[in-house]
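Engineer: Sharing a structure with you now.
The values are calculated or read from the model by the stated rules, or taken from the named source; none is laboratory data. Just so you know, these numbers come straight off a predicted model, no measurement behind them. Backbone-built Cβ (ideal geometry, glycine too); neighbour counts: all protein chains shown.
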Amino acid sequence: MVLVEGISDQIALETAAVGRGRDLEAERVVIVPIGGAHAIGRFLTRLGPLGARVRLAGLCDVREEEVFRRGLDMNHLGTPRTRSDMERLGFYVCVNDLEDELIRALGTARVEALFDSQGDLRSFRSFQSQPAWRGQEPEAQLWRFLRSSSRRNLRYARLLVEAAVGRDTLPRPLDALLATV
C-alpha cells in the first residue's frame, strides 16, 4: 500500500509505473491518496493492526516530512529521525513538492514546450505578465501556473511524468518509490 498526499501524486505514480512497464494492480500495489499529509496519523490509526501486516510506502512533500515522521512513529511503524530513516521505511520526500521535482527534472524549456503542445502556453504567458509574477524566477512561475487550477494540476501530473519517463529524468523520490514497491 502506497500512501500519497493527494490525487495528483496518485496520478503521477500510476503514470510513472506504466511508463516503466509496471502493472501495479497486477502486482497488488494499491495507491491511496489520504487527503493531505496531516491525515497520515489518522489514516494509520484507522488502518490499525493491518498496517503492521501490509507493506507500506509513501510519498510526501518536504514541508510535510515531519508530519509523516510523527505519524509513522505514533503508530509504531518505525522511528524515522532522518530522511534516510524515512527511505528505509519506504517513504520518500519531494523537495519542495512533486511539481517542483518534475519542473527541475524536465527544465523550464521542456515544460513550456509541453504547455505549448497542450494549448496552454498563451495562458501561461498571460500569467507571467501579471504584476505579481513579472520578474519572478521561471520555475516559480511554472509551479504557480500548474497549481492555479486543480484540473490543470491533475492533467499535468500525468503529462509531466510521461515527459520525464520519456527522457529518463524521473525525479528521484518518484523513481525510488517505484523501485521500493
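Engineer: Among the residues in segment 48-56, are any farther than 19 Å from residue 181 by Cβ and surrounded by 15 or more Cβ atoms within 10 Å (Cβ to Cβ)? Break it down stepwise before answering.
Structural biologist: Just the residues of segment 48-56 that are farther than 19 Å from residue 181 by Cβ, to begin with: 48-49.
Subset that is surrounded by 15 or more Cβ atoms within 10 Å (Cβ to Cβ): none.
The answer is no, given that none of the residues of segment 48-56 is farther than 19 Å from residue 181 by Cβ and surrounded by 15 or more Cβ atoms within 10 Å (Cβ to Cβ).
Engineer: Determine whether segment 157-180 contains at least one residue that is touching a residue at least 60 places away in the same chain (Cβ under 8 Å), closer than 23 Å to residue 21 by Cβ, in contact with a strand residue (DSSP E or B) (Cβ under 6 Å, 6 or more places away or on another chain) and among the polar types (S, T, N, Q).
Structural biologist: Yes, that holds for at least one residue.
Engineer: Mind checking which pairs have a first residue in segment 129-155 that is more than 23 Å from residue 12 (Cβ to Cβ) and in the same structural domain as residue 114 (by TED's automatic domain parsing) and a second that is part of a helix (DSSP H, G or I) and of a type in the set (Phe, Trp, Tyr), Cβ under 7 Å, 6 or more apart or different chains?
Structural biologist: Pairs found: 133/127.
Engineer: Further question: Return the residues of segment 67-104 that are part of a helix (DSSP H, G or I), crowded, with 16+ Cβ neighbours inside 10 Å and among the aliphatic types (A, V, I, L, M); say none if nothing qualifies.
Structural biologist: Correct list: 67, 72, 86, 98, 102, 103.
Engineer: Quick test for you: out of 13, 47, pick the one residue that is aliphatic (A, V, I, L, M) and either within 18 Å of the chain's Cα centre (by Cα) or at pLDDT 95 or above (or both).
Structural biologist: 13
Engineer: State which residue is nearest to residue 151 (Cα to Cα) when the search covers only segment 30-41 and only residues that are crowded, with 19+ Cβ neighbours inside 10 Å and modelled with pLDDT under 95.
Structural biologist: Taking segment 30-41 and keeping what is crowded, with 19+ Cβ neighbours inside 10 Å, we get 31, 34, 37, 40.
Then keep just the ones that are modelled with pLDDT under 95; that gives 34, 37, 40.
Details: 34: 18, 37: 20, 40: 24 Å.
In this case the residue turns out to be 34.
Engineer: Checking residue 109 against (1) surrounded by fewer than 18 Cβ atoms within 10 Å (Cβ to Cβ); (2) in contact (Cβ under 8 Å) with a residue 24 or more places away in the chain; (3) among the hydrophobic types (A, V, I, L, M, F, W, C), which test does it fail?
Structural biologist: Of the numbered conditions (1) surrounded by fewer than 18 Cβ atoms within 10 Å (Cβ to Cβ); (2) in contact (Cβ under 8 Å) with a residue 24 or more places away in the chain; (3) among the hydrophobic types (A, V, I, L, M, F, W, C), the odd one out for residue 109 is (2).
Engineer: Looking at 64, 112, 139 in this structure, which one is under 15 Å from the mean Cα position of the chain (by Cα) and either basic (Lys, Arg) or not in a loop (DSSP other than H, G, I, E, B) (or both)?
Structural biologist: Criteria check complete, one pass: 64.
Engineer: Residue 22 passes all but one of (1) in contact with an Asp or Glu (Cβ under 8 Å, 6 or more places away or on another chain); (2) at pLDDT 95 or above; which number fails?
Structural biologist: So residue 22 meets the others, but not (1).
Engineer: Test of understanding: among 146, 160, which residue is aliphatic (A, V, I, L, M), modelled with pLDDT under 95 and closer than 29 Å to residue 90 by Cα?
Structural biologist: 146
Engineer: Out of all the residues in segment 163-181, which are under 25 Å from residue 116 (Cα atoms) and surrounded by fewer than 17 Cβ atoms within 10 Å (Cβ to Cβ)?
Structural biologist: Of everything in segment 163-181, those that are under 25 Å from residue 116 (Cα atoms) and surrounded by fewer than 17 Cβ atoms within 10 Å (Cβ to Cβ) turn out to be 166, 167, 168, 169.
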